[in-house]
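Trainee: I have a structure I would like to understand better, so I am pasting it below and will then ask my questions one at a time.
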Amino acid sequence: MSDAIHPVRLFVARDLSYLDGEAWQKRLVGELAGDPALPGAVVFAEHRPVVTCGRSGDGGNLLASPEELAGLGIEFHPSGRGGDVTYHGPGQWTVYPILRLDWYGRDLHRYLRLLEECAIQFLAGFGIAGGRREGLTGAWAGGAKVAAVGVAVTRWITWHGLAVNIHPDLSRFTNLMRPCGIAAETGGVASLETISGKRHGMDDVLPPLKAAVLEVLGLAEAGT
């Protein structure tokens, strides 16, 4: 957990294009860098279907061409975050914390573990024992990855973040890519729905997800 409580502005966006989300994050980073007194921000986004490739990827783990993806109604974009290839889309909450890394001792590894803990605590609220896997990022349950982590830092301010699978189309992960460069025999991709055996509404899971993010990262909504 974080050692102090820091104020943040909270935003929710549905049907958000990836490029609009990235531009929004960059604006928030610039605002935060320009005003030391400005609260941080956390954006909870449900994206339109998109495949992104992070700084660690070269496209080798993508099993479909951008043209094939477009034929399925899925965009493809390189991303400034860490990590390899992944999918975002309906049925998944992507969490973008725009925070001062100073709040976490300028320790990026600590911050990554805290993002994983956000997902682990969220799953615990549904009676699911989540955890980590040695040498791999993200939050795992039942031998499969439920939440992916990939971040960027600009001027000691974090952006990008955490993607939590609620009930997305998991075939997008298995048929179109080796998600995060992880081979199927190492571990598949799961969701809250596949693990719990119950479909949860996106609006229903948002309050506990917000609560987990605020608690683990040591944040409080500005003005409350």
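The values are calculated or read from the model by the stated rules, or taken from the named source; none is laboratory data. Remember, it's a predicted structure, so these values are computed and weren't measured experimentally. Every residue, glycine as well, gets a Cβ built from its backbone with ideal geometry; the counts of neighbours run over all protein chains shown.
Trainee: From the list 127, 80, 142, which one is modelled with pLDDT under 95, in contact with a helix residue (DSSP H, G or I) (Cβ under 9 Å, 6 or more places away or on another chain) and within 25 Å of residue 196 (Cα to Cα)?
Mentor: 142
Condition check ((1) among the β-branched types (Val, Ile, Thr); (2) in a helix (DSSP H, G or I)) across all residues:
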site: 115; (1), (2): no, yes
site: 150; (1), (2): no, no
site: 163; (1), (2): no, no
site: 169; (1), (2): no, no
site: 174; (1), (2): yes, yes
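Trainee: Could you tell me how many of the residues in region 45-59 are more than 15 Å from residue 151 (Cα to Cα), surrounded by fewer than 20 Cβ atoms within 10 Å (Cβ to Cβ) and in contact (Cβ under 8 Å) with a residue 60 or more places away in the chain?
Mentor: 1
Trainee: In region 88-141, how many residues are touching a Ser or Thr at 6+ places or on another chain (Cβ under 7 Å), among the hydrophobic types (A, V, I, L, M, F, W, C) and farther than 17 Å from residue 42 by Cα?
Mentor: Going through region 88-141 one residue at a time, the tally reaches 2.
Trainee: Right, something else. Taking the stated definitions as given, is residue 135 closer than 21 Å to residue 152 by Cα, loosely packed, with under 14 Cβ neighbours inside 10 Å and either of a type in the set (A, V, I, L, M) or modelled with pLDDT under 95 (or both)?
Mentor: Yes; evaluated as a whole, the condition is true for this residue.
Trainee: Same structure again: Taking the condition surrounded by 14 or more Cβ atoms within 10 Å (Cβ to Cβ), more than 18 Å from the chain's Cα centre (by Cα), among the β-branched types (Val, Ile, Thr) and at pLDDT 95 or above, does residue 166 pass?
Mentor: Details: surrounded by 14 or more Cβ atoms within 10 Å (Cβ to Cβ): yes; more than 18 Å from the chain's Cα centre (by Cα): no; among the β-branched types (Val, Ile, Thr): yes; at pLDDT 95 or above: yes.
So residue 166 does not fit the description; no.
Trainee: Using the structure shown, decide if residue 199 is surrounded by fewer than 22 Cβ atoms within 10 Å (Cβ to Cβ) and either among the acidic types (Asp, Glu) or within 17 Å of residue 81 (Cα to Cα) (or both).
Mentor: no
Trainee: Write out, first by first residue and then by second, each pair whose Cβ atoms fall under 7 Å of each other, whose residues are 6+ apart or on separate chains, and whose first residue, in region 63-75, is of a type in the set (Gly, Ala, Ser) while the second is surrounded by 12 or more Cβ atoms within 10 Å (Cβ to Cβ).
Mentor: Once the first residue is of a type in the set (Gly, Ala, Ser) and sits in region 63-75, its partners that are surrounded by 12 or more Cβ atoms within 10 Å (Cβ to Cβ) give 64/176; 73/49.
Trainee: While we're on this one: Between 17, 2, 65, which is farther than 24 Å from residue 207 by Cα and either modelled with pLDDT under 95 or surrounded by 14 or more Cβ atoms within 10 Å (Cβ to Cβ) (or both)?
Mentor: Working: 17 fails: farther than 24 Å from residue 207 by Cα; 2 fails: farther than 24 Å from residue 207 by Cα.
Answer to the selection: 65.
Trainee: Could you list, in sequence order, the residues of region 68-80 that are in contact with a strand residue (DSSP E or B) (Cβ under 7 Å, 6 or more places away or on another chain) and closer than 28 Å to residue 204 by Cα?
Mentor: Correct list: 74, 75.
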